[in-house]
Amino acid sequence: MRIDVLTLFPEMLEPFCSASIVGRARKAGIVEIVCTQLRDFATDKHKSVDDKPFGGGPGMVLMCGPVFDAVEHVESLDPRPATRIVLTPQGETLTQRTVESLAKKPRLLIVCGHYEGFDQRILDGLRPMEISIGDYVLSGGEPAAAVLIDAVVRLLPGALGDRTSADSESFAGNLLEYPQYTRPREFRGMCVPDVLLSGDHGRIAGWRREQAELRTKARRPDLLEK
Ligand code: SAM
């Protein structure tokens, strides 16, 4: 998979994309991540990418020209069709189902906003998926891009390695994950449930399933209704 990110702050994303599972997947050639500076597509001598909103109001709005030019340039660098994504608090809230479907695409092109957001014609003209990572407002799309990239990359074959699997994790089905324990067996009077020490894989699987259901019922009953 190739992931392009258009951003005014590539320096925020580069360290993120070079560490941990995403960084390892990149090194292993499982994913190629290319951050492109949106300002490189400004056409005036001040390198402007934003302007005041028509009709007045606070803040600055990202202009059409640099964003269209950057998207078209970046898309021309690779023949694989790119799924265009604009990050915006007004978009569809990101879920594991959306992440799973994005992880099957050959190429993603993520556009990070800043300031007051985008000229509406960017959304009308480029017709991207509009994705929000939750009902709150960030200063820019970069933390949201990091969230999206991380969630997608860990689903790519080979990204988690042989020892770990995303299959039993929260949201993989409609359940939250069961409680996990590691050594020591007892810590400050709190003990690991006996069943996990029994060596009986059938009982352990049953207990985990039951715990996942109980936990989901208590914390996220909406998931069980789906
Ligand atoms: N004026 C916009 C509004 O009220 O809808 C908010 C703009 S926000 C300050 C600047 C940028 O941060 C957005 O263009 C978007 O790229 C990003 N952003 C902010 N909150 C986000 C969220 N919840 N999910 C995804 N991106 C977000």
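The values are calculated or read from the model by the stated rules, or taken from the named source; none is laboratory data. Just so it is clear, the structure is predicted and the values come from calculations on it, not from any experiment. Here the Cβ is made from the backbone with ideal geometry for all residues, glycine too, and neighbour counts use every protein chain on show. These area figures cover heavy atoms from the full protein model, side chains too; ligands, DNA and RNA do not enter into them. Shrake-Rupley method; radii C 1.70, N 1.55, O 1.52, S 1.80 Å.
Things worth noting here:
- Condition met for Gly134 (assigned to a loop (DSSP other than H, G, I, E, B) and farther than 30 Å from Leu214 by Cβ): no
- Scanning region 177-226 for residues that are in contact (Cβ under 8 Å) with a residue 40 or more places away in the chain and part of a loop (DSSP other than H, G, I, E, B) gives Arg220, Lys226.
- Subset of region 122-174 (residues that are within 23 Å of Thr83 (Cβ to Cβ) and acidic (Asp, Glu)): Asp124, Glu130, Glu142, Asp150
- Evaluated against (1) open to solvent by 60 Å² or more (accessible area, probe 1.4 Å); (2) without any contact (Cβ under 8 Å) to a residue 60 or more places away in the chain; (3) under 25 Å from Val152 (Cα atoms), Phe171 falls short on exactly one condition, (2).
- Count of residues meeting criterion [within 11 Å of the ligand (Cβ to nearest atom) and surrounded by fewer than 23 Cβ atoms within 10 Å (Cβ to Cβ)] in region 100-115: 2
- Qualifying positions in region 116-141 - more than 14 Å from the chain's Cα centre (by Cα) and more than 9 Å from the ligand (Cβ to nearest atom): Asp119, Gln120, Arg121, Ile122, Leu123, Asp124, Gly125, Leu126, Arg127, Pro128
- Taking the criterion of being within 16 Å of the ligand (Cβ to nearest atom), without any contact (Cβ under 8 Å) to a residue 40 or more places away in the chain and under 23 Å from the mean Cα position of the chain (by Cα), the only residue of region 58-99 that qualifies is Thr98.
- Residue match in region 29-37 (condition: within 16 Å of the ligand (Cβ to nearest atom), open to solvent by 40 Å² or more (accessible area, probe 1.4 Å) and not in a strand (DSSP E or B)): no
- Of Leu138, Leu214, Leu224, all but one fail to be open to solvent by 50 Å² or more (accessible area, probe 1.4 Å) and under 30 Å from Arg24 (Cα atoms); the exception is Leu138.
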